[in-house]
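Novice: Following this message is one structure expressed as C-alpha coordinates.
The values are calculated or read from the model by the stated rules, or taken from the named source; none is laboratory data. Predicted model only: the values in this text are computed from it and were never measured. Ideal geometry is used to build each Cβ from the backbone, glycine not excepted, and the neighbour counts take in all protein chains shown. Protein only, heavy atoms only, side chains kept; ligands, DNA and RNA dropped before computing areas. Shrake-Rupley method; radii C 1.70, N 1.55, O 1.52, S 1.80 Å.
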Amino acid sequence: MSNASRLLKNLSFPSLYRSPHSAISTAPNNKPITSMEVEVKLRLPNAVSHQRVSSILSPYHLKTHAQENIFFDGANSELSSKLAVLRLRFYDLDAQCIVSLKAKAVISNGISRIEEDEEPIDPSIGRACVSDPWRLLLIDSSRVIQRVEDEYGIGEKQGLICLGGFRNVRAVYEWKGLKLELDETHYEFGMNYEIECESSDPERAKDLLEKLLKSHGIEYSYSTVSKFAIFRSGKLPQ
(Lines give C-alpha, C1' and ligand atoms only; values in the text may rest on other atoms or scores of the structure.)
Protein backbone atom coordinates (compact mmCIF):
# COMPACT_ATOMS: atom_id res chain seq x y z
CA MET A 1 0.00 0.00 0.00
CA SER A 2 1.40 3.42 -1.00
CA ASN A 3 1.86 6.27 1.49
CA ALA A 4 -0.95 8.09 -0.31
CA SER A 5 -3.30 5.14 0.13
CA ARG A 6 -2.48 4.92 3.84
CA LEU A 7 -3.24 8.61 4.23
CA LEU A 8 -6.69 8.19 2.71
CA LYS A 9 -7.42 5.01 4.64
CA ASN A 10 -6.84 6.81 7.94
CA LEU A 11 -9.21 9.67 7.16
CA SER A 12 -12.65 9.91 8.68
CA PHE A 13 -15.24 12.51 7.76
CA PRO A 14 -17.67 13.47 10.55
CA SER A 15 -21.02 15.10 9.81
CA LEU A 16 -22.60 18.10 11.51
CA TYR A 17 -26.37 18.62 11.71
CA ARG A 18 -28.05 21.99 12.19
CA SER A 19 -31.63 23.05 12.70
CA PRO A 20 -33.43 23.29 9.35
CA HIS A 21 -35.12 26.46 10.61
CA SER A 22 -31.92 28.47 11.03
CA ALA A 23 -30.20 30.08 8.04
CA ILE A 24 -26.57 29.20 7.44
CA SER A 25 -24.17 32.02 6.70
CA THR A 26 -20.44 32.42 6.19
CA ALA A 27 -18.08 35.31 6.70
CA PRO A 28 -18.04 37.68 3.70
CA ASN A 29 -15.41 36.81 1.13
CA ASN A 30 -13.92 40.00 -0.25
CA LYS A 31 -11.63 38.33 -2.76
CA PRO A 32 -13.50 37.06 -5.84
CA ILE A 33 -11.89 34.01 -7.45
CA THR A 34 -13.68 33.95 -10.78
CA SER A 35 -11.37 32.78 -13.55
CA MET A 36 -10.68 30.56 -16.51
CA GLU A 37 -8.64 27.69 -15.10
CA VAL A 38 -6.10 26.41 -17.64
CA GLU A 39 -4.23 23.23 -16.77
CA VAL A 40 -1.98 20.67 -18.38
CA LYS A 41 -3.29 17.18 -17.57
CA LEU A 42 -1.23 14.08 -18.28
CA ARG A 43 -2.51 10.64 -17.33
CA LEU A 44 -0.13 8.04 -15.92
CA PRO A 45 -0.95 4.39 -16.68
CA ASN A 46 -0.50 2.79 -13.25
CA ALA A 47 0.76 3.00 -9.67
CA VAL A 48 4.32 2.13 -10.71
CA SER A 49 4.51 5.16 -13.02
CA HIS A 50 2.98 7.33 -10.31
CA GLN A 51 5.59 6.17 -7.80
CA ARG A 52 8.43 6.80 -10.25
CA VAL A 53 7.27 10.37 -10.87
CA SER A 54 6.90 10.87 -7.12
CA SER A 55 10.48 9.70 -6.56
CA ILE A 56 11.90 11.90 -9.33
CA LEU A 57 10.12 14.98 -8.00
CA SER A 58 10.76 14.27 -4.31
CA PRO A 59 13.48 16.99 -3.97
CA TYR A 60 10.87 19.55 -5.06
CA HIS A 61 8.04 18.38 -2.79
CA LEU A 62 6.11 21.11 -0.95
CA LYS A 63 3.12 19.39 0.65
CA THR A 64 0.57 16.60 0.27
CA HIS A 65 -3.19 17.02 0.64
CA ALA A 66 -5.85 14.42 1.28
CA GLN A 67 -8.95 15.65 -0.52
CA GLU A 68 -12.57 14.58 -0.61
CA ASN A 69 -14.65 15.89 -3.52
CA ILE A 70 -18.46 15.92 -3.30
CA PHE A 71 -20.65 17.07 -6.20
CA PHE A 72 -24.16 18.49 -6.46
CA ASP A 73 -26.71 19.16 -9.19
CA GLY A 74 -30.20 20.58 -9.33
CA ALA A 75 -33.04 18.13 -8.79
CA ASN A 76 -33.92 18.57 -12.47
CA SER A 77 -30.30 18.57 -13.73
CA GLU A 78 -30.26 22.36 -13.95
CA LEU A 79 -26.46 22.44 -13.65
CA SER A 80 -25.37 19.41 -15.68
CA SER A 81 -27.73 20.29 -18.53
CA LYS A 82 -25.69 23.50 -18.91
CA LEU A 83 -22.30 21.76 -18.52
CA ALA A 84 -21.83 23.01 -14.97
CA VAL A 85 -21.25 21.35 -11.62
CA LEU A 86 -21.20 22.45 -7.99
CA ARG A 87 -18.46 20.92 -5.84
CA LEU A 88 -17.43 20.88 -2.20
CA ARG A 89 -13.79 19.95 -1.63
CA PHE A 90 -12.60 19.04 1.87
CA TYR A 91 -8.90 19.10 2.73
CA ASP A 92 -6.93 17.16 5.33
CA LEU A 93 -9.44 15.97 7.92
CA ASP A 94 -11.74 18.93 7.29
CA ALA A 95 -9.03 21.53 7.85
CA GLN A 96 -10.49 23.49 4.94
CA CYS A 97 -13.52 23.40 2.63
CA ILE A 98 -13.87 25.11 -0.75
CA VAL A 99 -17.14 25.47 -2.65
CA SER A 100 -16.66 25.70 -6.42
CA LEU A 101 -18.85 26.29 -9.44
CA LYS A 102 -17.26 24.91 -12.59
CA ALA A 103 -18.66 25.23 -16.10
CA LYS A 104 -18.00 24.59 -19.79
CA ALA A 105 -15.01 22.27 -19.46
CA VAL A 106 -12.99 21.60 -22.61
CA ILE A 107 -9.98 19.26 -22.78
CA SER A 108 -7.88 19.07 -25.91
CA ASN A 109 -4.32 17.80 -26.48
CA GLY A 110 -3.71 17.44 -22.75
CA ILE A 111 -4.81 20.98 -21.88
CA SER A 112 -7.98 21.63 -19.89
CA ARG A 113 -9.89 24.91 -19.85
CA ILE A 114 -12.82 25.46 -17.52
CA GLU A 115 -14.66 28.42 -16.04
CA GLU A 116 -14.27 28.38 -12.25
CA ASP A 117 -15.57 30.38 -9.33
CA GLU A 118 -14.67 29.30 -5.81
CA GLU A 119 -14.55 30.47 -2.21
CA PRO A 120 -13.94 28.98 1.25
CA ILE A 121 -16.70 28.01 3.64
CA ASP A 122 -16.61 26.63 7.16
CA PRO A 123 -15.87 22.86 6.94
CA SER A 124 -18.56 22.04 9.49
CA ILE A 125 -21.12 23.86 7.36
CA GLY A 126 -19.85 21.94 4.34
CA ARG A 127 -20.38 18.65 6.15
CA ALA A 128 -23.91 19.66 7.07
CA CYS A 129 -24.58 20.35 3.39
CA VAL A 130 -23.32 16.91 2.36
CA SER A 131 -25.80 15.35 4.75
CA ASP A 132 -28.62 17.71 3.67
CA PRO A 133 -27.91 19.34 0.27
CA TRP A 134 -30.74 21.87 0.64
CA ARG A 135 -28.63 23.59 3.31
CA LEU A 136 -26.31 24.88 0.57
CA LEU A 137 -29.06 27.24 -0.53
CA LEU A 138 -29.13 28.75 2.97
CA ILE A 139 -25.53 30.02 2.74
CA ASP A 140 -26.79 33.51 2.10
CA SER A 141 -23.41 35.28 1.99
CA SER A 142 -21.86 32.95 -0.59
CA ARG A 143 -21.17 34.46 -3.99
CA VAL A 144 -20.97 30.99 -5.56
CA ILE A 145 -24.33 29.85 -4.17
CA GLN A 146 -25.91 33.14 -5.25
CA ARG A 147 -24.73 32.42 -8.80
CA VAL A 148 -26.23 28.92 -8.64
CA GLU A 149 -29.57 30.47 -7.73
CA ASP A 150 -29.46 33.42 -10.15
CA GLU A 151 -27.84 31.88 -13.24
CA TYR A 152 -29.20 28.33 -13.05
CA GLY A 153 -32.59 28.96 -11.48
CA ILE A 154 -32.08 26.66 -8.51
CA GLY A 155 -33.96 27.74 -5.39
CA GLU A 156 -35.30 26.04 -2.31
CA LYS A 157 -38.32 24.83 -4.30
CA GLN A 158 -36.23 23.09 -6.98
CA GLY A 159 -33.55 21.99 -4.54
CA LEU A 160 -30.15 20.36 -4.88
CA ILE A 161 -29.17 16.69 -4.85
CA CYS A 162 -25.86 15.15 -3.83
CA LEU A 163 -24.24 13.10 -6.59
CA GLY A 164 -21.58 11.57 -4.36
CA GLY A 165 -17.89 11.87 -5.10
CA PHE A 166 -14.39 10.51 -4.76
CA ARG A 167 -11.18 10.95 -2.80
CA ASN A 168 -7.84 12.15 -4.03
CA VAL A 169 -4.31 12.37 -2.64
CA ARG A 170 -2.49 15.33 -4.18
CA ALA A 171 1.26 15.84 -3.83
CA VAL A 172 2.37 19.38 -4.71
CA TYR A 173 5.80 20.26 -6.12
CA GLU A 174 7.63 23.40 -7.21
CA TRP A 175 9.73 22.46 -10.25
CA LYS A 176 11.34 24.75 -12.86
CA GLY A 177 9.02 27.57 -11.87
CA LEU A 178 5.94 25.36 -12.26
CA LYS A 179 3.52 24.17 -9.61
CA LEU A 180 2.99 20.47 -10.27
CA GLU A 181 0.22 18.37 -8.73
CA LEU A 182 0.60 14.60 -8.73
CA ASP A 183 -2.76 12.92 -8.12
CA GLU A 184 -3.78 9.47 -6.95
CA THR A 185 -7.56 9.40 -7.31
CA HIS A 186 -9.68 6.79 -5.54
CA TYR A 187 -12.99 5.93 -7.21
CA GLU A 188 -15.28 3.13 -6.10
CA PHE A 189 -14.47 1.39 -9.39
CA GLY A 190 -10.68 1.85 -9.46
CA MET A 191 -7.67 4.13 -9.22
CA ASN A 192 -6.55 6.84 -11.61
CA TYR A 193 -3.18 8.61 -11.74
CA GLU A 194 -2.50 12.03 -13.22
CA ILE A 195 -0.07 14.91 -13.15
CA GLU A 196 -1.47 18.42 -13.52
CA CYS A 197 0.01 21.88 -13.90
CA GLU A 198 -1.97 25.11 -13.92
CA SER A 199 -0.20 27.66 -16.10
CA SER A 200 -0.73 30.85 -18.08
CA ASP A 201 1.54 29.28 -20.71
CA PRO A 202 0.21 25.72 -20.92
CA GLU A 203 2.08 24.76 -24.09
CA ARG A 204 5.43 25.53 -22.46
CA ALA A 205 4.43 23.70 -19.27
CA LYS A 206 3.29 20.68 -21.26
CA ASP A 207 6.54 20.60 -23.22
CA LEU A 208 8.60 20.66 -20.02
CA LEU A 209 6.51 17.92 -18.43
CA GLU A 210 6.63 15.69 -21.48
CA LYS A 211 10.43 16.06 -21.71
CA LEU A 212 10.71 15.12 -18.03
CA LEU A 213 8.62 11.98 -18.43
CA LYS A 214 10.26 10.93 -21.69
CA SER A 215 13.77 11.42 -20.29
CA HIS A 216 12.97 8.85 -17.57
CA GLY A 217 11.12 6.46 -19.86
CA ILE A 218 7.78 6.99 -18.11
CA GLU A 219 4.70 6.26 -20.18
CA TYR A 220 1.88 8.78 -20.20
CA SER A 221 -1.04 9.96 -22.29
CA TYR A 222 -3.03 13.16 -22.63
CA SER A 223 -6.02 13.23 -20.30
CA THR A 224 -9.21 13.39 -22.35
CA VAL A 225 -11.84 13.78 -19.64
CA SER A 226 -12.05 15.42 -16.22
CA LYS A 227 -12.04 13.56 -12.91
CA PHE A 228 -15.71 14.45 -12.53
CA ALA A 229 -16.53 12.98 -15.94
CA ILE A 230 -14.73 9.78 -14.99
CA PHE A 231 -16.69 9.65 -11.75
CA ARG A 232 -20.02 10.07 -13.57
CA SER A 233 -19.16 7.47 -16.21
CA GLY A 234 -18.50 4.84 -13.55
CA LYS A 235 -15.40 3.49 -15.29
CA LEU A 236 -11.76 4.39 -15.83
CA PRO A 237 -10.59 5.75 -19.20
CA GLN A 238 -9.11 3.19 -21.57
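Novice: What percent does the relative contact order of the chain come to when contacts are Cα pairs within less than 8 Å and at least six residues apart?
Specialist: Details: 457 pairs, mean separation 68.6, N = 238.
Result for the chain is 29 percent.
Novice: Could you give the dipole magnitude of the range 170-224 about its Cα centre, charging the beta-carbon of Lys and Arg +1 and that of Asp and Glu -1, in debye to the nearest 20?
Specialist: Working: 7 positive and 13 negative charges, 56 e Å.
Dipole of the range 170-224, to the nearest 20 debye: 260 debye.
Novice: Quick one: which of Lys102/Lys179; Lys41/Lys104; Lys179/Lys206; Lys63/Lys227; Lys63/Lys206 span more than 19 angstrom between C-alpha atoms? It would help to have the intermediate numbers written out before the result.
Specialist: Values: Lys102/Lys179 21 Å; Lys41/Lys104 17 Å; Lys179/Lys206 12 Å; Lys63/Lys227 21 Å; Lys63/Lys206 22 Å.
The pairs that break the limit, which is 19 Å between Cα atoms, are Lys102/Lys179; Lys63/Lys227; Lys63/Lys206.
Novice: Apply the Karplus parameterisation 6.51 cos²θ - 1.76 cosθ + 1.60, with θ equal to phi minus 60°, to every residue of the range 102-109 and state each ³J(HN,Hα) to the nearest whole Hz, in sequence, with x for glycine and proline.
Specialist: With the stated coefficients, the range 102-109 comes to 10, 8, 6, 6, 9, 10, 8, 6 Hz.
Novice: Now for a separate question. Excluding ligands and nucleic acids, what accessible area in Å² is computed for Ile56 using a 1.4 Å probe, to the nearest 10?
Specialist: 50 Å²
Novice: Okay, helix-only estimate at 222 nm for the chain: each DSSP H run of n ≥ 4 adds -39500 (n - 2.57), divide by all residues, round to 500 deg cm²/dmol; what do you get? Can you show the working numbers first?
Specialist: Numbers: 6 runs with 58 residues, N = 238.
After summing the helix terms and dividing by residue count, I get -7000 deg cm²/dmol.
Novice: Here is a follow-up. Taking a 1.4 Å probe, which of Thr64, Thr185, Thr224 shows the most accessible area, and what order do the others take after it?
Specialist: Working: Thr64 60, Thr185 0, Thr224 100 Å².
These residues rank, largest area first, as Thr224, Thr64, Thr185.
Novice: How much accessible area per residue does the chain have, in Å², with a 1.4 Å probe? Don't jump to the answer; show the numbers that get you there.
Specialist: Values: 11730 Å² over 238 residues.
Per-residue accessible area for the chain comes out at 49 Å².
Novice: Set the Förster distance to 35 Å, then compute FRET efficiency between Lys157 and Asn109 from the Cβ-Cβ distance, nearest 0.05.
Specialist: Numbers: r = 43 Å, r/R0 = 1.22.
So, using R0 = 35 Å, E works out to roughly 0.25.
Novice: Sticking with this one: Whose amide H sits under 5 Å from the amide H of Leu83, counting only residues 5 or more places off or on another chain, with H placed in the peptide plane?
Specialist: none
Novice: Right, here's the next one. What figure, in Å² to the nearest 10, do you get for the accessible area of Glu210 with a 1.4 Å probe and non-protein molecules left out?
Specialist: 30 Å²
Novice: A further question follows. Please get the size of the charge dipole for the range 105-178, origin at its Cα centre, with Cβ charges of +1 on Lys and Arg and -1 on Asp and Glu, quoted in debye to the nearest 20. Walk me through the numbers before you get to the answer.
Specialist: On the way: 9 positive and 13 negative charges, 86 e Å.
For the range 105-178, the charge dipole is close to 420 debye.
Novice: Can you give me the C-alpha center-to-center distance between the range 106-152 and the range 182-238, rounded to a whole angstrom?
Specialist: 24 Å
Novice: Also, I was wondering about something else. Which residues' amide hydrogens lie under 5 Å from the amide hydrogen of Gly164, considering only partners 5 or more residues apart or on another chain, with H built in the peptide plane?
Specialist: Distant-sequence amide H within range of Gly164: Phe71.
Novice: Follow-up question, since we're still on this one. How do Arg147, Arg204 rank by accessible surface area computed with a 1.4 Å probe, from largest to smallest? Intermediate results must be reported in sequence, preceding the final value.
Specialist: Values: Arg147 60, Arg204 120 Å².
The ordering from most to least exposed comes out as Arg204, Arg147.
Novice: What value in Å³ per residue do you get for the convex hull of the alpha-carbon atoms in the chain? Walk me through the numbers before you get to the answer.
Specialist: Values: hull volume 29.9 nm³, N = 238.
Looking at the chain, the number lands at 126 Å³ per residue.
Novice: On to the next question. Taking amide H positions as placed in the peptide plane 1.01 Å from N, state which residues far from His61 in sequence (5 or more) or on other chains have amide H under 5 Å from it.
Specialist: For His61, no residues qualify.
Novice: Using a 1.4 Å probe on the protein heavy atoms, what percent of the accessible area of the range 155-197 belongs to carbon and sulfur? Can you show the working numbers first?
Specialist: Details: 770 of 1710 Å².
Answer for the range 155-197 is 45 percent, counting heavy atoms of protein chains only.
Novice: Right, next: At 1.4 Å probe size, with no ligands or nucleic acids counted, give the accessible surface of Cys162 in Å², nearest ten.
Specialist: Here the residue's solvent-accessible area equals roughly 50 Å².
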